[in-house]
Amino acid sequence: MCGVIGIYSKSNVATSLFYGMNSLQHRGQEATGMAIDNGEEILRKRAMGLVIDAYTEESLRELAGNIGIGHVRYSTAEGSHDYNIQPIMGFVGGETIAIANDGNLVNYQVLRERLEEEGMMFQTTNDTEVILYLITRYYDGDIVAAIKKTMKVIKGAYSVTALVKGKVVAFRDPNGFRPLVLGRDEDDVIVASENAAIEIIGGQMTRDIGAGEILVIDETGIHSDHFESEDTPKNCIFEYVYFARNDATLDDINAYTFRRRCGEILWEEAPCDVDLVVPVPDSGIPSAIGYAQAAKIPYGEGLVKNRYMGRTFIKPTQKERDMAVKLKLNPLGDVVKGKSIVLLDDSIVRGTTSRNLIHRLREAGAKEVHMRITSPPVKYSCYYGIDTPNRKHLIAANQSIKEIEENIGADSLAFISMDGLARAGKKSIDNYCIACFNGDYPVDPTVI
Ligand code: 5GP
Ligand code: MG
């Protein structure tokens, strides 16, 4: 997962990009970069780590120019190396193209091998470089034509922002897996992964960029073109379940409202007679509020979160993962002691978080700990950008709900139904990619 942004303005954009990228930080904390077109050349700064640490006032001043793109990176398979930090740049026919992407190509390996056989040498181990390479190969002055040719070849999930000769270009894959939105701030035009990035700099989101849409923003305005898209988009449902910020309204669904409704629906589907509804912060908060209100049971904070802990989701060993959960969340004995509680979280992946928390809430004096999850069991790996581990590590791929309940030590365990999720979003389930729950992959992940 990653976050992207692009701004077309009449004044310097580096500071706005910096603020916008800060508000996309939850989408990736490994590294960040921005590229600025000053009319003559493209300036770029990239660094490992958080946005707030990567730039100084001075470096933002040096990045003077009216058009720019930015990226925050969540490294997955390719590993976290500085050569993989985006935006990446390519030089063709005296022009420079810079590009930043959120997503994952399923045919990256195949395309890369083919290009290597043709004599191409790569500078990153990043699938974005394949996109850049193909665009530059097809580019003869018409960027939209080059992108359409590229989109014919690349398969999978991508939401891209790019700088091409005085233009900000943005395009989204034909399924619309990953989000991408368009907004304005007076004369400035902004594209970003989430609306918060637009709002934070004083602008307003105007609409989603559609599945398969290609946008070119230049001095003459905003130009929209379309690559053939699928009949029904397959927006990633996990954006609403977990990934996007609560204030994100993507493809007509607000993440907070969705999460809250998930809590209400879970109460209908799996009620439970307890003293207190407790969220696993932060992702379980809206659904716990929804559950508590629907159930008319008090809501209480039974866990304290350490907000300075970074990403803990994927650690190499089980011991480290357990330690990471401990560091991140600590039971609040005064609140849970002697009480029966229901714990709300967005997902169970390996089961580390739930097992660890239930055990420690009992140690802290909780009488009963029931678990309610606002996604169906995650049984299949994601190939479109969400960082799920290999299937063999997905607890729900290998155990029944009853077995998981026992394994994590819950008094009871229930997951929201697929129908419940659809109701939470008020859209037919056909509009989403739900491959992580049912293995029905909209784009074949095994292409060769
Ligand atoms: P588990 O501990 O079962 O392996 O993972 C479940 C926990 O990880 C949940 O609390 C959920 O909020 C969180 N989670 C789910 N997906 C992701 C992800 O893609 N990245 C990160 N950092 N956390 C995740
Ligand atoms: Mg969580």
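The values are calculated or read from the model by the stated rules, or taken from the named source; none is laboratory data. If you're wondering where the values come from, they're calculated on a predicted model, not measured in any experiment. Note that we place each Cβ from the backbone using ideal geometry, even for glycine, and neighbour counts take in every protein chain shown. Each accessible area value is taken on the protein alone, full model and side chains, heavy atoms only, with ligands, DNA and RNA left out. Shrake-Rupley method; radii C 1.70, N 1.55, O 1.52, S 1.80 Å.
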Open item on the list: Test of understanding: express the Cα radius of gyration of region 240-438 as a ratio to 2.2 N^0.38 Å, with N the residue count.
Closed with: 0.96
Open item on the list: Using only DSSP helix segments of four residues or longer, with each worth -39500 (n - 2.57), what per-residue ellipticity at 222 nm results for the chain after dividing by its residue count and rounding to 500?
Closed with: -8000 deg cm²/dmol
TODO: Find the relative contact order for the chain and round it to a whole percent, using C-alpha pairs within less than 8 Å whose residues are 6+ positions apart.
DONE: 13 percent
Task: Placed amide H near TYR299: partners under 5 Å, 5+ positions off or other chain - done: VAL277
Open item on the list: Per residue, how big is the convex hull of the chain when only Cα atoms are used? Give it in Å³.
Closed with: 136 Å³
Open item on the list: Beyond a 22 Å Cα-Cα separation, which of these cross-linked pairs lie in this structure: LYS305/LYS392; LYS45/LYS234; LYS45/LYS165; LYS392/LYS427?
Closed with: LYS305/LYS392; LYS45/LYS234; LYS392/LYS427
Open item on the list: Please list, by residue number, every one of the trypsin sites (Lys or Arg not before Pro) in region 379-448 that is coil in DSSP and has at most 12 other beta-carbon atoms within 10 Å.
Closed with: LYS426
- [ ] For a quick protection proxy, order the peptides 296-306, 126-136 by their average other-Cβ count within 10 Å, most packed first.
- [x] 126-136, 296-306
- [ ] Enumerate the lysines that LYS319 could reach by cross-link, defined here as Cα to Cα under 17 Å, with residues fewer than 8 away along the same chain left out.
- [x] LYS328
Task: Compactness of region 3-233, expressed as Rg and Dmax over alpha-carbon positions, Å - done: 16.0, 48
Open item on the list: Order 57-67, 203-213 from most to least packed using the mean count of other Cβ atoms within 10 Å.
Closed with: 203-213, 57-67
Task: Cβ charges +1 (Lys, Arg) and -1 (Asp, Glu), total dipole of the chain, debye - done: 1400 debye
TODO: Kindly write out, for region 8-19 in residue order, the coupling ³J(HN,Hα) from the Karplus curve 6.51 cos²θ - 1.76 cosθ + 1.60 (θ = phi - 60°), rounded to whole Hz, with x marking Gly and Pro.
DONE: 10, 9, 9, 10, 4, 10, 4, 5, 5, 4, 4, 5
Task: Spatial extent of region 233-334: Rg and Dmax, with the Cα atoms as the point set, Å - done: 15.3, 47
Open item on the list: Considering only protein heavy atoms and a probe of 1.4 Å, how much of the accessible area of region 240-438 is carbon and sulfur, as a whole percent?
Closed with: 50 percent
TODO: Would you grab the residues whose amide H sits under 5 Å from the one on GLU368? Only those 5+ places off in sequence or on another chain, please, with H modelled 1.01 Å from N.
DONE: SER340, ILE341
Task: Cα point-scatterer Debye curve for region 338-448, base-10 log of I(q)/I(0) at q = 0.11, 0.13, 0.17, 0.20 Å⁻¹ - done: -0.40, -0.54, -0.84, -1.06
